[in-house]
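Everything below concerns the one structure shown next.
The values are calculated or read from the model by the stated rules, or taken from the named source; none is laboratory data. Bear in mind the structure is a predicted one, so any value in this text is a computation, not a measurement. Here Cβ is always computed from backbone atoms with ideal geometry, including for glycine, and neighbour counts include all displayed protein chains.
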Amino acid sequence: MFIKERLCWTDKPHKKPINDLREGEFEPEEARLRCQLASLYRLVDLFQWSQGIYNHMTVRVPGKTTEILINPFGLLYHEQTARTLVKVDLDGKVLHPGSTKLGINQVGLFKNQVANL
């Protein structure tokens, strides 16, 4: 009963597909991780675990130990898709902006770097 009530809490429609990638846009492994990370953002939103735009989750790009995917600063979790995710290096330099021009939360990225040392 509790789970049913939690899952029905939101009236936000998820009109954007999670996998909005074009074929060949990214390497297959990166494309898979983009879809998985975007799915995680949607689940966190569904269970009301997000803190608006001020928190984030990241994943390292396979085979690229200095590159990570992160959400753009300004989109809510239910708005994340595979294409909106931003690829950055560990210094915060944007390597691929995703489908938005929003940039990233540099402070959040710095905290993430410290946590992953």
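Out of LYS93, LYS64, report the one residue that is among the basic types (Lys, Arg), surrounded by fewer than 17 Cβ atoms within 10 Å (Cβ to Cβ) and at pLDDT below 90.
When all the criteria are applied, what remains is LYS64.
Please find, within the stretch 13-41, the residue that is nearest to MET57 (Cα to Cα) out of those that are at pLDDT 95 or above and basic (Lys, Arg).
For the stretch 13-41, the residue satisfying everything is ARG34.
Pick out the one residue from ASP45, ASP20 that is surrounded by fewer than 19 Cβ atoms within 10 Å (Cβ to Cβ) and under 25 Å from VAL107 (Cα atoms).
Of ASP45, ASP20, the one residue that is surrounded by fewer than 19 Cβ atoms within 10 Å (Cβ to Cβ) and under 25 Å from VAL107 (Cα atoms) is ASP45.
What single numbered condition from (1) surrounded by fewer than 17 Cβ atoms within 10 Å (Cβ to Cβ); (2) within 16 Å of LYS87 (Cβ to Cβ); (3) touching a strand residue (DSSP E or B) at 6+ places or on another chain (Cβ under 9 Å); (4) free of Cβ contacts under 8 Å to residues at least 24 places away in the same chain fails to hold for PRO28?
The failed condition is (3).
Out of everything in the stretch 2-12 that is closer than 18 Å to LEU76 by Cα and of a type outside the set (Asp, Glu), what residue ends up being modelled with the lowest pLDDT?
LEU7
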